[in-house]
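Trainee: Have a look at the structure that comes next, please.
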There are 2 protein chains.
Amino acid sequence: MAARKKNSTYTRNEQCIIDCDLTYAVHKIGGRWKLLILDKLEGGKRRFGELKREFSYITERMLTLQLRALEQDGLVKRTVYAEVPPRVEYELTEMARELGPILKQLSQWGGKQRRLAKNEMK
Amino acid sequence: MAARKKNSTYTRNEQCIIDCDLTYAVHKIGGRWKLLILDKLEGGKRRFGELKREFSYITERMLTLQLRALEQDGLVKRTVYAEVPPRVEYELTEMARELGPILKQLSQWGGKQRRLAKNEMK
DNA sequence: TATGGTACATACAAACATGTAAGTAATGGC
DNA sequence: GCCATTACTTACATGTTTGTATGTACCATA
């Protein structure tokens, strides 16, 4: 997200990670709020303000950063309308839509595992 | 991974994350090396030292931490043999095996996206 | 008695991610 | 001219993750 310093090992190791398609994929969606945002956008186009209201616990800064990262990674398309006050809309790209069904499976798995973990606590 | 300080917002927000099955799932597999480890273990039981040799770029410390996290999350089973020198074996749990097919799809998606991104650079 | 192998553990430092608070630009309506 | 609205941006502080270096326990063997 930020400018990467060319630290010897950390960066070199990151290369190893990114050589793996799977890790690459998970990195794309691994931000703290990205999945929630993607999920919301499955419902269709949203304005920045809408997302902000929807996710009141996400700070404006983080919302911006995560949206930018998603845009950068080709998962979200950003459209700016030359109006005042400004209007900006976000929507999923084709690539992101292909991800949807996979994420649904992952979500189910997560739910199952979570219930299991909860039961073990008793 | 480490002891969490109970910072007001950071932790509170984490709760929001974990209330989402999907984000919960991604968190379980989101560690820097977890996917590589899981992938290797799909091939069967491995000793700590085997993993260490296989992933020469992962530090011993990180390997330990990630394995412990995976164990904690019920994705990996750890078996200690009371021998000297010690022998410890790691293998996937049922839960982790169910994850396999989903990860394969994710990996394919990642590969596709990666090739796309590469082409756009030209 | 010293040495080696295995699977760690611990202390410390660097890099990274996230949160907090405040500011910006443009313009239409008052 | 002043204010409100929208979608940011910036500077700074805090928290988390990863890496580096070194140490430990065990016992068999030399």
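Trainee: List pairs: first in segment A:33-57 and farther than 22 Å from A:Glu94 by Cα, second in a helix (DSSP H, G or I), Cβ under 7 Å, 6+ apart or cross-chain?
Mentor: Within 7 Å, the pairs are A:Lys52/A:Glu60; A:Lys52/A:Leu63; A:Glu54/A:Lys40; A:Phe55/A:Leu36; A:Phe55/A:Leu63; A:Tyr57/B:Asn13; A:Tyr57/B:Cys16.
Trainee: Okay, moving on. Return the total of residues in segment B:59-115 being more than 18 Å from A:Val26 (Cβ to Cβ) and either of a type in the set (Val, Ile, Thr) or in contact with a His (Cβ under 9 Å, 6 or more places away or on another chain) (or both).
Mentor: 7
Trainee: Please find, within segment B:52-64, the residue that is farthest from DNA strand D (Cβ to nearest atom) out of those that are away from chain A (no Cβ under 14 Å) and open to solvent by less than 100 Å² (accessible area, probe 1.4 Å). Even if it seems obvious, please write down each step before you answer.
Mentor: The first filter runs over segment B:52-64 and keeps only residues away from chain A (no Cβ under 14 Å), leaving B:52-53, B:64.
If we keep only those that are open to solvent by less than 100 Å² (accessible area, probe 1.4 Å) too, we end up with B:52, B:64.
Working: B:Lys52: 12, B:Thr64: 9 Å.
The extreme case among them is B:Lys52.
Trainee: Exactly one of these conditions fails for B:Glu42: (1) surrounded by fewer than 16 Cβ atoms within 10 Å (Cβ to Cβ); (2) more than 20 Å from A:Tyr24 (Cα to Cα); (3) more than 9 Å from DNA strand C (Cβ to nearest atom). Give me its number.
Mentor: (2)
Trainee: Quick one: in segment A:72-85, of everything that is touching a residue at least 12 places away in the same chain (Cβ under 8 Å) and not aliphatic (A, V, I, L, M), which residue is most open to solvent (accessible area, probe 1.4 Å)? Can you show your working first?
Mentor: Pass one, segment A:72-85, residues touching a residue at least 12 places away in the same chain (Cβ under 8 Å): A:73-79.
Now drop any that are not not aliphatic (A, V, I, L, M), which leaves A:73-74, A:77-79.
Details: A:Asp73: 34, A:Gly74: 31, A:Lys77: 110, A:Arg78: 81, A:Thr79: 36 Å².
Only one residue fits best here, namely A:Lys77.
Trainee: For segment A:96-110, does any single residue satisfy the condition of being open to solvent by less than 30 Å² (accessible area, probe 1.4 Å) and more than 8 Å from chain B (Cβ to nearest Cβ)? If you could, list the steps in order and put the result at the bottom.
Mentor: We begin by selecting, within segment A:96-110, every residue open to solvent by less than 30 Å² (accessible area, probe 1.4 Å); these are A:96, A:99-100, A:102-103, A:106, A:109-110.
If we keep only those that are more than 8 Å from chain B (Cβ to nearest Cβ) too, we end up with A:96, A:100.
Yes: one or more hits.
Trainee: Where in segment A:15-114 are there helices (runs of 4 or more DSSP H), lying wholly inside it, with at least 3 residues that are farther than 19 Å from B:Gln105 by Cβ?
Mentor: A:34-41, A:48-54, A:60-72
Rundown of residues vs (1) modelled with pLDDT of 95 or more; (2) within 13 Å of the chain's Cα centre (by Cα); (3) within 29 Å of B:Asn119 (Cα to Cα), yes/no style:
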| position | (1), (2), (3) |
| --- | --- |
| A:Ala25 | no, yes, yes |
| A:Leu35 | yes, yes, yes |
| A:Ser56 | no, no, no |
| A:Leu63 | yes, yes, yes |
| A:Leu75 | yes, yes, yes |
| A:Val80 | yes, no, yes |
| A:Val88 | yes, no, yes |
| A:Arg114 | no, no, no |
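Trainee: Is at least one residue of segment B:15-28 buried (at least 17 other Cβ atoms within 10 Å of the Cβ), touching a Phe, Trp or Tyr at 6+ places or on another chain (Cβ under 8 Å), among the charged types (D, E, K, R) and touching a residue at least 12 places away in the same chain (Cβ under 8 Å)?
Mentor: No - not one qualifying residue is present in segment B:15-28.
Trainee: Here's a follow-up. Return the residues of segment B:12-32 that are facing another protein chain (nearest Cβ under 8 Å) and more than 14 Å from DNA strand D (Cβ to nearest atom); say none if nothing qualifies.
Mentor: From segment B:12-32, those facing another protein chain (nearest Cβ under 8 Å) are B:12-13, B:16-17, B:20-26, B:28-30, B:32; that's our starting set.
B:Cys16, B:Cys20, B:Asp21, B:Leu22, B:Ala25, listed by residue number.
Trainee: Can you name every residue in segment A:33-49 that is more than 8 Å from every other protein chain (Cβ to nearest Cβ) and among the charged types (D, E, K, R)?
Mentor: Selection gives A:Lys34, A:Lys40, A:Glu42, A:Lys45, A:Arg46, A:Arg47.
The values are calculated or read from the model by the stated rules, or taken from the named source; none is laboratory data. What you see is a predicted model; the values in this text were computed from it and never measured. Counting neighbours? That spans all protein chains shown, and the Cβs are built from the backbone with ideal geometry, glycine included. These area figures cover heavy atoms from the full protein model, side chains too; ligands, DNA and RNA do not enter into them. Shrake-Rupley method; radii C 1.70, N 1.55, O 1.52, S 1.80 Å.
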